[in-house]
Structure formats: C-alpha cells, structure tokens
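Since the structure comes first, as structure tokens, the remarks are kept for the end.
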Amino acid sequence: MTSRAQTLSAKDIQYGFGRLIDLARAEPFAVARHGWPVVVLLPVEESERFKVLESVRAGENDKSAGKNDSE
C-alpha cells in the first residue's frame, strides 16, 4: 500500500459488498470493527506481489544464514 488505507466499518461492508469489491480492486483498504481496523482487503494482484516479495526476502535470509554458518 502506497498510502494510508481507506477504512470502512464492518456495517458498511455488510450492506454494500459489491461496492467493497470495487473499492478493494482500486486500492487496498482497512475494515474497522468497533472503530478499530482489524483486516485489510486488497486486490489479488497485490496479494500475489506480497507473496513474491516475501519469497525473495526469505531466500535472501536463507542465503545470509548459510553464509554465516560457513564462515
């Protein structure tokens, strides 16, 4: 997410699920329950991008851990 996520209440989402999908495809946003953000909804493409980044980061951590063991 490049900026602060928009926040909607769980009640807003309950009554406007179609709108929720449109909003999430345009930009990730947080869902609040009792005034506190509890989840973030984001497009599938963003989720996949995070998975790739996490995989790359995990690979880099594995390499640096292996380097330390062999020194």
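Applying 1/(1 + (r/R0)^6) with R0 = 25 Å to the Cβ-Cβ distance of Glu45 and Leu23, what FRET efficiency is obtained, to the nearest 0.05?
0.95
Hey, what do the phi angles of region 44-61 turn into as Karplus ³J(HN,Hα) couplings, whole Hz, using 6.51/-1.76/1.60 and θ = phi - 60°, x for Gly and Pro?
Those phi angles translate into 4, 4, 5, 4, 5, 4, 5, 4, 5, 4, 5, 5, 4, 5, 5, x, 5, 5 Hz.
If R₀ is 30 angstrom, what is the calculated FRET efficiency for the pair Glu54 and Lys11, using the beta carbon separation as r and rounding to 0.05?
The computed FRET efficiency comes out at 0.40.
Each reported figure results from applying straightforward, stated rules to the coordinates on display, with no laboratory input. Computed from a prediction, not measured in an experiment: that's the story for all the values here. Heads up, the Cβs are rebuilt from the backbone with ideal geometry, glycines too, and the neighbour counts pull from every protein chain shown.
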